[in-house]
Amino acid sequence: MLGRNEEQELLLYFTVSIIGIYCECTSFKTNYLIEKLEQTLSRVMFFMSFL
């Protein structure tokens, strides 16, 4: 199980990533958004596998 602080950090990282991607993608195609979202999700899953 994750500690409370670790959960908050992970949620913050994920939220910031989503906002960053959304801002980037307002000037790009939907395919680009999907690609970036998949990259972020894979990074989060990779990070979580070490906890």
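Descriptive notes on the structure:
- Complete set of residues in region 34-51 that are at pLDDT below 80 and surrounded by 10 or more Cβ atoms within 10 Å (Cβ to Cβ): Ile34, Met48, Leu51
- Some residue of region 18-33 being within 9 Å of the chain's Cα centre (by Cα) and modelled with pLDDT of 85 or more: no
- Taking first residues from region 4-17 that are touching a residue at least 12 places away in the same chain (Cβ under 8 Å) and within 12 Å of Val44 (Cα to Cα) and partners that are polar (S, T, N, Q) and surrounded by 14 or more Cβ atoms within 10 Å (Cβ to Cβ), the Cβ contacts under 8 Å between residues at least 6 apart in sequence or on separate chains come to Phe14/Thr40; Ser17/Thr40.
The values are calculated or read from the model by the stated rules, or taken from the named source; none is laboratory data. Quantities reported herein were computed from a predicted structural model and do not represent experimental measurements. A quick note on method: Cβ atoms are made from the backbone with ideal geometry, for glycine too, and the neighbour counts reach across all protein chains shown.
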